[in-house]
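Bear in mind these aren't lab numbers, they're just calculated from the coordinates by the rules spelled out. Note that the structure is predicted; figures quoted are calculated from it, not measured. Cβ atoms come from the backbone with ideal geometry, glycine included; neighbour counts cover every protein chain shown.
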Amino acid sequence: MLFNSWEFLVFLLVTMFLYYLPLFKKFQIAILIGASFIFYGWFQPWLLTLLLFSIFINAWTSFGVSMSPSHRLRMIWATAGVSANLAVLAFFKYSPLIASSIYGDWKNIDGIGAFIMGIPLPIGISFFNFQGISLVVDVFKEKEGTPNRLHIGSFQSHLFNTAFFKSFFPQLVSGPIVKAHDFYFQIREKYFSDIPWDHCARELILGYFLKCVVADNMKDQTFWIAYPYFVTMSSWDLVWMLFGYSVQIFADFAGYSLIALGIARLFGYQLPQNFNWPYISTSFSEFWRRWHISLSSFLREYLYIPLGGNRHGELRTYFNLFIVMFLGGLWHGAAWSYAIWGTAHGGALALERLLGRKVGQVFSFLPAPAVRFLNWLLVFSVVSWAWLLFKLPNISDAALYMQSFVKNGHIEAGKSRIFLIFLYSLPVILLHLWYLVQEHRWAVCLKNYDYLIYGLLLFLWVVNSGSSGAFIYFQF
Amino acid sequence: VPSSTFSSKIFILKILLTFAVLAVGYSWLIKQMAVPITTGQNQYQENRLKAENYVFNRPPCSAVILGSSLSDGLKEEYFEVPVCNLAFGGGSALWGGPIVLSSLERPQVVLIETNVLVPVNQEFMASLKAEPSRSLKNASPLLRQASQPVTQLLNWLRKKIPPPVKTVDPAQAETWIQYYVQSYNQFHEKDKESFQKNLKDMEEMIRELTASGIQVIFYRMPVDPRLLQTEKLQWENEQWSVFVSRSGTTFIDLPVSAETITKDGLHLADPSLKALVPILQAAIQAKIKQ
């Protein structure tokens, strides 16, 4: 079920009604689990079997960790849990990539190769598997003495809570990736009177505006970043479309995350913030602290730090950054282009760490704002060009796009397209700028009238939405 | 932090009030300005503009054109008889048929372009037919594509600053022709199967159209002769010939002349499109007289 559909609105209202009905207050979690299963199985009910399997495996192994008396046993259970999650992910997500790397073009293969290539990618698998890993690791850490907030009782109650944690519908298919220690302690009875309506309204209106007005309209402008359409387009069109795609991917995913946050809040749960205006970043490390925060913090906590982080010398730190970003890239999709995208970011992070200070000294003659601007320009340009690998997972197409950009300077630009890309980018640009100035005195005064802005966003959502498209991150 | 306080509810009320004021004010403004909507923000919206105009404004049409982007440029104003164009870029004749069949007022004739057969796009159909969207759009023009502020702004700007007439760049056209020749010569069994399946849907659609008293004319748009030699078009045209002769209805193979100019081997430039109008118009009139 999609957040931007009529059936979802009905589903949400019915679920909320049942959830807060005093008669059913003892069954609040059961209602949310049931609703989440309906939400997930709406288009493909068979997907529920995989979700149920994943819930059971994670509940079982994490319970095993919790009940084990020795470190060695806990380690075995935790390894089994993490491996099971990775195996499920590898089978469903990466088998086709491996098969295509071995067999080549999918149109020319049959037999086992065709079977492997035909394995469907269950929606949300990357997200709920990472949450499963978080559960197993967090229980392990808790048992090893790290202060934590998980309280595991009987297996039945743990299974029940795990089912809720993994399937909670606002974050089930595209995150934010919730860590077990950030969620379990919130599981308790909720009251209708506790709903923070103004927070919910802000998150939902801004989220739907970003998704339906900005991303869905931009999608029809950036549609042409596809072979062979871009080959005969002007360099200006190509660069503007790429800029538009940077805006689109942000608006699409940040919009989804805000909607997820707002809906979760309606049920009394707080999910982690996933975006913090990433396009104002003046360094790559800052970008990754602002973009898809729940993934970067997951990778930091469950991969980078266990690998040694920056505690084993410079060389090891670069290697760790590289490997984390490579795997982070591959997490996004089963194509080598995603791995290259991640590795490029890993390389940028390593270079920044290696050369950042020295380059800063070279440009020390410039005033600080000019240096900040140049840093911002570099980060935004590299990030935007790297998105090309998201839009064109075929690497040769991405290379041809860049070649066309260089070659097509003589072709006349499509003024309407550029105008529309600029127009739909404007809200995202203004929102980023607003973030920068929001602490100024005049901005604080203006905040008293923010209902006017939310009223305008609501109006534009109703009258100027684009054709509804699936969320980009659904494919991951 | 629970904020279900009085101020929190007032905040939402203020948002709703702002929304209401904007909705009323904007409705009044677009009525006053009455900007003619001649273009959409993109191909997909242009399709929706056409379809919504047909479904909700119910213009009187003796004939309806069903086709793909090849017929998209056959503008209604080129014809002397009232014609509605439901040819959709990125779509096919299969898209327009259900729209005609679900409308209360039926045309006397439909012209069906024999070209690619892209199956009906469910999302596109849902945007027109699914409830409650259909009833809401029917009740309030504000919710239709033509009322979108950005569409209004774009058309207002085009009215103020008309865009220059686009000329065909021969080099670009040649790039496209080469691309089509190459890709149309890589024609797989799977493509044939899907064409046959879509042809069955077309057969069903024709049956329903004729059962409702609508007469059918098939026509083939001219394309660059080099493309006609490709494996795909040769095979598809053979299939169409069999299909059309079996249906026993009129078929017009629109001619390619020395003056025919295509933008990319497939899509005709505006003057070449206009040149085809008299042929189609004569066929429509002949059918109406029958």
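How many percent of DSSP beta bridges within the protein assembly as shown run antiparallel, rounded to 5? If you can, show how the numbers build up before the last one.
Values: 1 of 19 bridges.
Bridges in the protein assembly as shown are about 5 percent antiparallel.
Of all alpha-carbon pairs in the protein assembly as shown, indicate the percentage at a distance above 49 angstrom.
So the portion of pairs separated by more than 49 Å is 24 percent.
For a footprinting-style exposure proxy, rank A:Thr79, A:Thr61, A:Thr15 by other Cβ within 10 Å, fewest first.
Going from least to most buried by this count: A:Thr79, A:Thr15, A:Thr61.
Order of B:86-98, B:172-184 by packing, highest average Cβ count within 10 Å first?
B:86-98, B:172-184
List the residues, sorted by chain then number, that are 5 or more residues from B:Gln215 or on another chain and whose placed amide H is less than 5 Å from its amide H.
Those qualifying (amide H under 5 Å, at least 5 residues apart or on another chain) are B:Val109, B:Val110.
Taking Cα pairs under 8 Å and at least six residues apart, what relative contact order does region B:1-122 come out at, in percent?
Worked out over region B:1-122, it gives 22 percent.
For region A:149-224, how many pairs of lysine residues have a Cα-Cα distance under 23 Å, where the two are 8 or more positions apart or belong to different chains?
Lysine pair count for region A:149-224: 4.
Of all the Cα-Cα pairs you can form in region A:306-393, what percent are over 15 Å apart?
Counting pairs separated by more than 15 Å, the tail of P(r) holds 65 percent.
Subtract the Cα-Cα distance of B:Ser103 and B:Ala20 from 0.36 nm times their separation in residues, and report this length gain in nm to one decimal.
Here the segment from B:Ser103 to B:Ala20 would lengthen by 26.7 nm.
Name the long-range amide H neighbours of B:Ala87: under 5 Å, sequence gap of 5 or more, or other chain; modelled H, no Pro or chain starts.
Here B:Gly67 satisfy the definition.
Take every DSSP beta bridge with both residues inside chain B and express the antiparallel ones as a percent of the total, to the nearest 5.
Rounded to the nearest five, the antiparallel share is 5 percent.
Under 5 Å between amide hydrogens, which residues at least 5 positions from B:Thr262 or on another chain qualify, with H placed 1.01 Å from N in the peptide plane?
Here B:Ala269 satisfy the definition.
Checking understanding here: applying a Kyte-Doolittle mean of at least 0.0 and a length along the axis of at least 27 Å (C-alpha), which whole DSSP H helices in chain B pass?
B:6-33, B:270-289
For region B:57-127 and region A:394-447, what is the separation of their Cα centres, given in Å?
If we compute the Cα centre of each part, the gap is 36 Å.
Take every residue in peptide A:455-461, count the Cβ atoms of other chains within 10 Å of its Cβ, and give the average of those counts.
6
Quick one: Karplus J couplings for region B:74-80, per residue in order, coefficients 6.51, -1.76, 1.60, θ = phi - 60°, nearest Hz, x for Gly and Pro?
6, 5, 4, 6, 6, 8, 8
May I ask which of B:Lys14/B:Lys50; B:Lys137/B:Lys160; B:Lys160/B:Lys263; A:Lys93/B:Lys263; A:Lys26/B:Lys9 have a Cα-Cα span longer than 31 Å here?
B:Lys14/B:Lys50; A:Lys93/B:Lys263, as the Cα separations exceed 31 Å there.
Near B:Lys274, which aspartates and glutamates are there with a Cα under 18 Å away, not counting those fewer than 8 places off in the same chain?
B:Asp72, B:Glu76, B:Glu77, B:Glu80, B:Glu113, B:Asp224, B:Asp253, B:Glu259, B:Asp264
Taking a quarter of the surface of the convex hull around the Cα atoms of chain B, what do you get in nm²? Don't jump to the answer; show the numbers that get you there.
Working: hull surface 81.8 nm².
Its average projected convex-hull area is 20.5 nm².
Peptides B:252-264, A:385-397: what's the order by average Cβ count within 10 Å, highest mean first?
A:385-397, B:252-264
Going by average Cβ density within 10 Å per residue, which order do the peptides A:452-458, A:248-254 take, highest to lowest?
Ranked from most to least packed, the peptides come out as A:248-254, A:452-458.
Add -39500 (n - 2.57) for each DSSP H run of 4 or more in the protein assembly as shown, then divide by its residues: what number comes out at 222 nm, to the nearest 500 deg cm²/dmol?
-20000 deg cm²/dmol
Can you compute the modelled spin-label distance between B:Gln281 and A:Phe155, with each label point 7 Å from Cα toward Cβ, in nm?
Result: 8.2 nm between the two label points.
Ignore the peptide's own chain and count Cβ atoms of other chains within 10 Å of each Cβ in A:421-428; give me the average, rounded.
1
Between A:Ser101 and A:Leu303, take the C-beta separation as r, use R0 = 22 Å, and let me know the FRET efficiency to the nearest 0.05.
0.40
Full extension from A:Trp224 to A:Met75: what is 0.36 nm times the residue separation minus their Cα-Cα distance, to one decimal in nm?
Gain on extension, A:Trp224 to A:Met75, equals 48.6 nm.
For each of B:Ile99, B:Ile37, A:Ile429, count neighbouring Cβ atoms within 10 Å of the residue's Cβ, then give the residues from fewest to most.
Details: B:Ile99 23, B:Ile37 20, A:Ile429 12.
With the sparsest Cβ surroundings first, the list reads A:Ile429, B:Ile37, B:Ile99.
Nothing charged except the Cβ atoms of Lys and Arg (+1) and of Asp and Glu (-1): what's the magnitude of the dipole of chain A about its Cα centre? Round to the nearest 20 debye.
Rounded to the nearest 20 debye, it is 880 debye.
Please average, across the residues of B:41-50, the number of beta carbons from any other chain that are within 10 Å of each residue's own beta carbon, and give a whole number. Walk me through the intermediate numbers first.
Details: counts 11, 11, 3, 6, 4, 0, 1, 1, 0, 0.
If you average over the peptide's residues, the count of other-chain Cβ atoms is 4.
Identify unpaired cysteines across the protein assembly as shown, taking unpaired to mean no other cysteine Cβ lies under 4.7 Å from the residue's Cβ.
Unpaired cysteines in the protein assembly as shown: A:Cys200, A:Cys212, A:Cys445.
Stretch B:Lys192-B:Arg246 to full length: gain in nm at 0.36 nm per residue minus the Cα-Cα span?
Between B:Lys192 and B:Arg246, full extension yields 17.5 nm more.
What are the extents of the Cα atoms of region B:93-182 along their three principal axes, in Å, largest first?
48, 38, 27
Mind sorting B:Lys166, B:Lys289 by how few other Cβ atoms lie within 10 Å of their own Cβ, fewest first?
In order of increasing Cβ crowding within 10 Å: B:Lys289, B:Lys166.
Taking the alpha-carbon centroid of each part, what is the distance from region A:41-86 to region A:315-383 in angstrom?
That distance is 35 Å.
With the crude spin-label approximation of a point 7 Å out along Cα→Cβ, what separation in nm comes out for A:Met1 versus A:Ala87?
Between A:Met1 and A:Ala87, the label points sit 3.3 nm apart.
If R₀ is 35 angstrom, what is the calculated FRET efficiency for the pair A:Phe373 and A:Gln403, using the beta carbon separation as r and rounding to 0.05?
That pair, A:Phe373 with A:Gln403, gives E of 0.75.
According to a simple spin-label model (label point 7 Å from Cα along Cα-to-Cβ), what is the distance in nm between A:Leu48 and A:Phe185?
Output for this residue pair reads 3.4 nm.
Considering only B:Ile30, B:Trp240, B:Ser127, whose Cα is most displaced toward the positive end of the charge dipole of chain B, charges sitting on Cβ of Lys, Arg (+1) and Asp, Glu (-1)?
B:Ile30
Apply the Karplus parameterisation 6.51 cos²θ - 1.76 cosθ + 1.60, with θ equal to phi minus 60°, to every residue of region A:226-235 and state each ³J(HN,Hα) to the nearest whole Hz, in sequence, with x for glycine and proline.
With the stated coefficients, region A:226-235 comes to 8, 5, x, 4, 6, 4, 9, 9, 6, 4 Hz.
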